[in-house]
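Here the structure comes first, spelled out in structure tokens, and everything after it is commentary.
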Amino acid sequence: MLECGSHPNREIQGVNSGEEKSSAMQLSAALDSLDRIVPAKERETAVFLDYDGTLTPIVNNPDKADLSASMRTTLQYLATLCEVAIISGRDLQDVQKRVGVDNIWYAGSHGFDIAGPGGEHTEYQEGLDYLPALDAAGQRLRAALEDIAGCLVERKKFSIAIHYRQVAQDEVDSVKRTVERIHANHSELRLMEGKKIFELQPDIEWHKGKAIHWLISKLELNKRCFTLLYIGDDVTDEDAFRALGAEGSGILVAEEDQQTFATYRLADPTEVEIFLNRLCNKLEDTS
């Protein structure tokens, strides 16, 4: 590395902040802004990435969200040029297996479970205390939702995801009411809503933004020496955009206008791959 200086709310939630967001109408196209996003040759780069909806398209069945061979090749090459971390709501082992790239960091369960090269591994210990509550809520949710066609209750280690992408539109309100009713009996859990998904997580101050701060500290990514990027598409990624703030660049993956803390936009995972390949070329030229 280069030498440089010294080194809860019980309602359905989005991001953990009441700060003002900007409209996607105000976002610059990241494909046209690479030189602004990564401007200085004397600085190294660190790239943080979401998985679903960012590296892979959103699909009806989350088990089918497989990484393309070309995206994997891009990530493998990018990892030879800079620090790379995948921060996903998926369980750690699941996202590690799906990405299959060595020498990068993985943060599963929205950052509750983190692993790095060489067998490094850490879990956010406070989250372990919530496993019995998640077990109990998961059992109740499966029993209450089993008769709704297309509804999938996915028990992850540090959360429960209720997918309703394949649920008939006239049944969606029933799913929401059931989730809210069961959540009301578990004050120790918070309820989040994303793209066709509800998720119960430990109601503690830990999320993707906190995971990014942990990785910045662990990897000694001094913000005066590194250009920091985060690319993500969903509500939980807003914590990461907010965590970087003016010290880095948040890039939202979205085709339509929406409120966000990001400053740039890519339309879909295809544009993400194009952007990452252009970034590889830029980093290769400046190395």
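Quick notes on this one:
- Taken over the range 77-120, the residue count meeting the criterion of being of a type in the set (Gly, Ala, Ser) and touching a Lys or Arg at 6+ places or on another chain (Cβ under 7 Å) is 4.
- Residues satisfying the criterion are present in the range 156-179 (criterion: basic (Lys, Arg) and closer than 22 Å to Phe112 by Cα).
- When Gly209, Gly245 are checked against the criterion of being under 21 Å from Ile37 (Cβ atoms) and under 11 Å from the mean Cα position of the chain (by Cα), a single residue qualifies: Gly209.
- For Ala243, the conditions (1) touching a His at 6+ places or on another chain (Cβ under 7 Å); (2) assigned to a strand (DSSP E or B) all hold with the exception of (2).
- Thr227 hydroxyl-bearing (Ser, Thr, Tyr), surrounded by fewer than 22 Cβ atoms within 10 Å (Cβ to Cβ) and within 24 Å of Ala79 (Cα to Cα): yes
Any read-out appearing in this document is the output of simple, stated calculations on the displayed coordinates, not a laboratory observation. Note that the coordinates shown come from a computational prediction; the quantities given were computed from them, not determined experimentally. Please note: Cβ atoms are built from the backbone with ideal geometry, for glycine as well, and neighbour counts cover all protein chains shown.
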